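J.: Would you mind keeping the following structure in view while I ask a few things?
The values are calculated or read from the model by the stated rules, or taken from the named source; none is laboratory data. The structure presented is a predicted model; accordingly, all values stated were derived computationally and were not measured. Every residue, glycine as well, gets a Cβ built from its backbone with ideal geometry; the counts of neighbours run over all protein chains shown. Just the protein is used for accessible areas: all its heavy atoms, side chains included, with ligands, DNA and RNA removed. Shrake-Rupley method; radii C 1.70, N 1.55, O 1.52, S 1.80 Å.
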Amino acid sequence: MTATPELATLTGEYTLDTAHSTIGFTARHAMVTNIKGKFLDFTGTLHLDGSDPARSTAALDVTMDSIDTGSADRDGHLKSADFFKTDEFPKMTFRSTGAESLGGDDYRITGDLTILGTTKPLTIDLEFNGAAKDPFGNERVGFEGKAEIKRSEWGLTWNAALETGGVLVSDKIKLTFDISAIKQA
């Protein structure tokens with residue numbers, strides 16, 4: 001892909017603006033409804049290469065104890081030994097291993113996702129939402145992304161059978177990323 005002059009100006013180091021970003025997820029509950037949640041505490045960095053998007057990188061560290069589904073009881077269960085074992089495994093991490101332009105504003109980033117000490121590959125499809133200078137003089141970029149994982153591949157296997165068939169918690173989890181990042185001087 002040949003970079004446009006506008007894209008080339010975006011090259012640089014960026015830090016996620018956690019006040020304006022969301023790392024979220026959706027899980028099917030009791031086979032009938034979706035439960036959404038997010039993580040409130042995370043940090044991340046991006047290296048964007050506007051001339052060669054394949055040289056762009058991303059790193060994300062999520063504090064697992066910051067999980068929020070809107071239910072204190074459910075959050076407590078998710079933090080427990082049945083799920084994330086946050087006492088033993090306080091962080092979930094993502095480290096990119098590759099990036100590619102899919103054309104237009106669409107990109108794909110691949111990398112290693114580590115949960116419960118298990119590292120597996122993850123592919124995130126991203127849409128570039130744009131770049132702007134905010135009222136405080138910060139240069140920002142925005143991305144919206146999504147991915148799907150099977151939680152069992154990371155050892156997240158707790159479940160309960162339903163009387164009518166099926167299980168309480170889906171194996172498939174949808175991940176969402178709404179990212180605002182600030183260019184470093």
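J.: For semi-axes √(5λ) of the Cα gyration tensor in Å, pick the label among (1) 29, 19, 15; (2) 33, 17, 15; (3) 25, 20, 16 that corresponds to the value derived from the coordinates.
T.: So the calculated entry is the one marked (2).
J.: Under 8 Å for C-alpha pairs, at least 6 residues apart: give me the relative contact order for the chain, rounded to a whole percent.
T.: Numbers: 431 pairs, mean separation 44.9, N = 185.
Over the chain, the number comes to 24 percent.
J.: As a check on your grasp of the helix formula, calculate [θ] at 222 nm for the chain: sum -39500 (n - 2.57) over DSSP H runs of n ≥ 4, divide by the residue count, round to the nearest 500.
T.: -1500 deg cm²/dmol
J.: Here's a follow-up. Calculate what fraction, in whole %, of the accessible area of the chain sits on carbon and sulfur atoms when a 1.4 Å probe is rolled over the protein chains.
T.: 51 percent
J.: Per residue, how much accessible surface does the chain expose to a 1.4 Å probe? Answer in Å², no decimals.
T.: Per-residue value: 55 Å².
J.: Would you list, by chain and number, the lysines whose Cα falls below 22 Å from the Cα of residue 85, excluding same-chain residues fewer than 8 positions away?
T.: 36, 38, 120, 150, 172, 174
J.: Report the paramagnetic label zone for residue 174: residues of region 35-50 whose backbone N is under 13 Å from a point 7 Å from Cα along the Cα-to-Cβ axis.
T.: 35-37
J.: Under a Cβ-Cβ cut-off of 15 Å, what is the net charge of the residues other than residue 13 that fall near it, where Lys and Arg count +1 and Asp and Glu count -1?
T.: 0
J.: Roughly how many whole Å is it from the C-alpha centroid of region 94-120 to that of region 18-70?
T.: 12 Å
J.: Another question, if that's okay. Using the beta-carbon distance between residue 157 and residue 95 and R0 = 25 Å, what value does 1/(1 + (r/R0)^6) give for FRET efficiency, to the nearest 0.05?
T.: Efficiency, rounded to the nearest 0.05: 0.55.
J.: Subtracting the Cα-Cα distance from 0.36 nm times the residue separation, let me have the gained length for residue 15 to residue 59 in nm, one decimal.
T.: Full extension of this stretch gives 14.9 nm more.
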